Amino acid sequence: MNKKISAAVASAALVLGSSAANAGIIIPAGEWTLDVNGNVNVYATHISYDNYQSVAVGGLAGAGQDSKEDNTQSINTGLLPAWLGFTGTTRQNDLDVSFTISMQPGVSDNAVSGDIKNPLFRQAFLTFGDKSWGTVKMGKDLGIFAGQAILNDMTLLGVGGGASTVSGTFTSLGGIGTGYIYPAWKGQISYTTPNFNGFTATVGITNPNQNADASVNSAYQDRFGVEGQLQYAFDAGKVWVSGASYKYRDGNEAAAIEWDATAIDIGAAVNMGNLGLVAYYYDGEGVGTTMFGGWKSGAPAGTDSGVGTTGNERDSDGGYVQATYVIPSGTKLGVAYGISNLDRADSNDTTDLVEENKRWTVGAYHPLTKHLNLVAEYNNIESSDHAGNNNESDAISLGAILFF
């Protein structure tokens, strides 16, 4: 892979969940080394819709689309929001110690004043450890389960699926909901082992109320979420498996419906010269297709709840395959196909939520400079639900992403 593109992807991966200093703006500060890093990305997107008046409930093709229009335009960020991160590192008492704090402002606003959007705050965590015994992380960062799925998605440098129908939103979906479940940003306490000849393992407890519905006392749960990952890295790439387990509650204490949400995945990313290949698969129960766990059991139309009205888990699975190739000009060309499926819970489950979301992405990512990449993407999404509704959207995005 071209070194400039590789650096951009590595920078994105570091921004999304690493405590190690990356190639940002390095500032020595006494006993600390401060790394100021991030990105700014902006894309103009045109979306057209087929059968937009018969939208699949919970589908991602045309989600949020006005039934009176068959096309929209917007200016937004892509899968990555604009980012400003601060990472400080030091060595004290035979420990590597670090902190990371970041914020994510928008690059556009749909309000008449153009200035009412507030930034996101996706990271605030500390780490301590040593290469001899491992690293402890405490705070808010990217989830462990499905984290590698999003970090190896080529649309991390672009838009992917789920481009907003209006300007002013923060991010698109990339391959979220069309190949993998969003790992989300979670309060966590995790431990990662030392590197044993390429093998590393991570296990952690996470915020137990992730995706809870506070309106129905779902916040009262009896255990933490648990997530873990095993990875083997080698010269040409890496393979990994990860999993997650949560317990949800819907309703008050006297008449609560409870269910378990569990998932496992497996993936591989291999680079052979200028060719890059990624294959990924996940399987889960009670987790939905887009946001892990979905919403309460009596989910309203437009969601991908992981359970039926009686609390029985819905099975879901999916994955994506991706191939990229860097041509002599340095441009990385890529194609990806992803799919996410959601079954009914049982024969009594008559809620007509999404059954399938699938996506094709074709992209070109050109390094104009060491840090600046021009991006062109085409994304096609097809959605269908259990009632037989189906629709399709086609999006063309043109823009740029600058890492520092």
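The values are calculated or read from the model by the stated rules, or taken from the named source; none is laboratory data. The model shown is predicted, which means the values in this text are computed figures rather than measured ones. Counting neighbours? That spans all protein chains shown, and the Cβs are built from the backbone with ideal geometry, glycine included.
For the stretch 181-191, does any single residue satisfy the condition of being of a type in the set (S, T, N, Q) and within 30 Å of residue 374 (Cα to Cα)? Give the derivation first.
Of the residues in the stretch 181-191, the ones of a type in the set (S, T, N, Q) are 188, 190.
Those still in the list that are within 30 Å of residue 374 (Cα to Cα) too: none.
No, there is no match, as no residue in the stretch 181-191 is of a type in the set (S, T, N, Q) and within 30 Å of residue 374 (Cα to Cα).
In this structure, is residue 345 surrounded by fewer than 21 Cβ atoms within 10 Å (Cβ to Cβ) and assigned to a loop (DSSP other than H, G, I, E, B)?
no
Return yes or no: is residue 392 farther than 19 Å from residue 291 by Cβ and under 20 Å from the mean Cα position of the chain (by Cα)? No, not satisfied.
Of all residues in the stretch 189-203, those that are outside any strand (DSSP E or B) have Cβ atoms under 8 Å from Cβ atoms of residues that are among the polar types (S, T, N, Q) and modelled with pLDDT of 95 or more, 6 or more apart or on another chain, in 193/200; 193/202; 194/132; 194/200.
The residues in the stretch 136-155 that are without any contact (Cβ under 8 Å) to a residue 60 or more places away in the chain and of a type outside the set (Lys, Arg) can be counted, and the count is 3.
If you filter the stretch 348-373 down to residues that are more than 20 Å from the chain's Cα centre (by Cα) and surrounded by 21 or more Cβ atoms within 10 Å (Cβ to Cβ), you find that the one that is farthest from residue 260 (Cα to Cα) is 367. Scan the stretch 349-372 and give yes if some residue there is more than 20 Å from residue 181 (Cα to Cα), acidic (Asp, Glu), touching a Ser or Thr at 6+ places or on another chain (Cβ under 8 Å) and at pLDDT below 95, otherwise no. Yes: one or more hits.
For the stretch 329-378, give me each residue that is more than 20 Å from residue 61 (Cβ to Cβ), touching a strand residue (DSSP E or B) at 6+ places or on another chain (Cβ under 6 Å) and hydroxyl-bearing (Ser, Thr, Tyr). Within the stretch 329-378, 331, 365 qualify.
When residues in the stretch 45-63 are screened for being at pLDDT 75 or above and crowded, with 17+ Cβ neighbours inside 10 Å, 9 of them pass.
Would you pick out the residues in the stretch 392-404 that are crowded, with 23+ Cβ neighbours inside 10 Å and within 23 Å of residue 72 (Cβ to Cβ)? 393, 395, 397, 401 - these are the residues of the stretch 392-404 that are crowded, with 23+ Cβ neighbours inside 10 Å and within 23 Å of residue 72 (Cβ to Cβ).
If you check residue 66 against the conditions, is it assigned to a strand (DSSP E or B), among the acidic types (Asp, Glu) and either modelled with pLDDT of 70 or more or over 19 Å from residue 125 (Cα atoms) (or both)?
On the way: assigned to a strand (DSSP E or B): no; among the acidic types (Asp, Glu): yes; either modelled with pLDDT of 70 or more or over 19 Å from residue 125 (Cα atoms) (or both): yes.
Taking the combined requirement at face value, the residue does not satisfy it.
Would you confirm whether or not the stretch 214-233 contains a residue that is small (Gly, Ala, Ser), within 17 Å of residue 177 (Cβ to Cβ) and either modelled with pLDDT of 70 or more or crowded, with 16+ Cβ neighbours inside 10 Å (or both)? No, that holds for no residue.
Of the residues screened, residue 94 is one that is loosely packed, with under 14 Cβ neighbours inside 10 Å and modelled with pLDDT of 85 or more.
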